[in-house]
Amino acid sequence: MRMGRSERESRTAGRVAALAASAALLLTGCIRQELPQAEETREDILVVGFSEVGAESDWRVANTESMRHTFTEEKGYELLFDDAKQKQGNQIKAIRNYILQEVDYIVFAPVVEDGWDEVLKEAKEAKVPVIVVDRMVQVEDESLFAAWVGSDFHQEGKVAVEWLERYLEEKGRSEEADVSILHVQGTIGSSAQIGRTEELVAGVAAHPNWRILDQVPGEFTQAKSYEVVAEVLERGEVPDVIYCENDVSALGALQALDEAGISHGVEGDVIVITFDAARAGLTACMDGQINLEVECNPLHGPRVEAIIRQLEAGETPEKYCYVEETYFEPGDLTEELIAAREY
Ligand code: AHR
């Protein structure tokens, strides 16, 4: 049985003392992570309401799993989960429900950046701390959320653009030769789309011979990406590069290229760049079908938990915490390496 907010508040001092006594703290990046608590130091459960974007990609599924594996009953949590099916309206509804249910924390991965001020004000008035994960929010008052943790999507885009620059040079491509880029975009207005798009657009502006052949909406899904890439290829337009804003959209693009009989990857005509580095994408990269995989790490459960532990201990977590990421080319990958990864 869950307790009301006032009851929980009156117990906070006891809980904080217990945590302080038992917690062994690890410092990783900007988040302090605690070792698991001894059973007897827990005074009650923490209820966490999580609003997830959807299940559009394998990355997203790994993100959801990370939250489910972290916020378990054994560790003293009750996780309330809502799949927003990529709709902001569903997320706003879920957040309002969590407020009504008097959860201890609201965690949400916002589908897009804008449009959160109102509902986050309601959470603040109800004194429910909000943690934003994965994508960011743009709000007038940053005190509306306690902390954010996720990827630096601009940095990811920069890594991809700089890699393309080096790759073309290494291939001996003249600086005058036209480089046409088909850009498969993710959900418009999401941080992942904004960062990756803005860096590509800046890269094109910096290279007079690069041009965007077309910008098509892949919506971070394999099916939509397949559809929109196939349409471009049916028009007889074959790009030099396909820049896909996530793995599953790259897989959709590969399907369309294969059906059109157009070669791609290391030995092929079309250079394929993608983001996430989840297992299916990495395997296609190892096989030489994809040229570049820029990592985007979905394992945010433990990071969110570390923030909650800080808040429970009366500490102020860092407002923004960026996850460290890398990138992979086919030569970097082996079956063992892919199997050893968690997603
Ligand atoms: O916000 C992270 C992005 O969302 C991932 O790149 C993508 O796969 C997911 O759908």
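The values are calculated or read from the model by the stated rules, or taken from the named source; none is laboratory data. Quick caveat: nothing in here was measured; it's all calculated off a predicted structure. Heads up, the Cβs are rebuilt from the backbone with ideal geometry, glycines too, and the neighbour counts pull from every protein chain shown.
For the residues Pro129, Pro110, the requirement of being more than 16 Å from the ligand (Cβ to nearest atom) and in contact (Cβ under 8 Å) with a residue 40 or more places away in the chain singles out Pro129. Checked against the criterion of being crowded, with 17+ Cβ neighbours inside 10 Å, in contact with a Pro (Cβ under 7 Å, 6 or more places away or on another chain) and more than 30 Å from Gly268 (Cα to Cα), the candidates Trp116, Trp148 yield just one match: Trp116. When we screen Val323, Val270, Val304 for residues that are assigned by TED's automatic domain parsing to the domain that holds Met67 and at pLDDT 95 or above, the only hit is Val304. Would the range 267-284 turn up any residue that is assigned to a strand (DSSP E or B) and surrounded by fewer than 22 Cβ atoms within 10 Å (Cβ to Cβ)? Yes, the conditions are met somewhere in the range 267-284. For the range 132-151, filtered to residues that are within 16 Å of the ligand (Cβ to nearest atom) and in a loop (DSSP other than H, G, I, E, B), the residue that is farthest from Pro298 (Cα to Cα) is Gln138. Has the range 294-311 got at least one residue that is part of a strand (DSSP E or B), of a type outside the set (Gly, Ala, Ser), under 18 Å from the mean Cα position of the chain (by Cα) and within 15 Å of the ligand (Cβ to nearest atom)? Yes, the range 294-311 has at least one match.
Considering only residues that are of a type in the set (A, V, I, L, M) and within 16 Å of the ligand (Cβ to nearest atom), which ones fall in the range 243-278? Matches in the range 243-278: Val248, Ala250, Leu251, Ala253, Leu254, Val272, Ile273, Ala277, Ala278. Scanning the range 230-263 for residues that are β-branched (Val, Ile, Thr) and in contact with a Ser or Thr (Cβ under 8 Å, 6 or more places away or on another chain) returns Val241, Val248.
Are there any pairs, at least 6 apart or on different chains, whose C-beta atoms fall under 6 Å, with the first in the range 160-189 and part of a helix (DSSP H, G or I) and the second at pLDDT 95 or above and of a type in the set (Val, Ile, Thr), and if so, which? If the second residue must be at pLDDT 95 or above and of a type in the set (Val, Ile, Thr), the pairs left are Ala160/Ile273; Ala160/Val294. Please work out which residue is farthest from the chain's Cα centre (by Cα), limiting yourself to the range 266-290 and to residues that are touching a residue at least 40 places away in the same chain (Cβ under 8 Å) and more than 19 Å from Gly218 (Cα to Cα). Checking each candidate, the answer is Val266.
For the range 46-65, how many residues meet the condition of being touching a residue at least 60 places away in the same chain (Cβ under 8 Å), crowded, with 22+ Cβ neighbours inside 10 Å and either of a type in the set (Asp, Glu) or within 14 Å of the ligand (Cβ to nearest atom) (or both)? Within the range 46-65, residues that are touching a residue at least 60 places away in the same chain (Cβ under 8 Å), crowded, with 22+ Cβ neighbours inside 10 Å and either of a type in the set (Asp, Glu) or within 14 Å of the ligand (Cβ to nearest atom) (or both) number 6.
A residue that is more than 16 Å from the ligand (Cβ to nearest atom) and not in a loop (DSSP other than H, G, I, E, B) can be found somewhere in the range 216-223. Can you confirm whether Val216 is of a type in the set (A, V, I, L, M, F, W, C), surrounded by 22 or more Cβ atoms within 10 Å (Cβ to Cβ) and either closer than 16 Å to Leu257 by Cα or not assigned by TED's automatic domain parsing to the domain that holds Asn291 (or both)? The answer is no for Val216. If we keep just the residues of the range 66-77 that are buried (at least 20 other Cβ atoms within 10 Å of the Cβ) and in a helix (DSSP H, G or I), which is farthest from the chain's Cα centre (by Cα)? Among those residues, the one meeting the criterion is Thr70. For Glu162, the conditions (1) within 14 Å of the ligand (Cβ to nearest atom); (2) over 27 Å from Gly236 (Cα atoms) all hold with the exception of (1).
Within the range 78-87, the set of residues being under 18 Å from the mean Cα position of the chain (by Cα) and either within 12 Å of the ligand (Cβ to nearest atom) or under 21 Å from Glu102 (Cα atoms) (or both) comprises Phe81, Asp82, Asp83, Ala84, Gln86.
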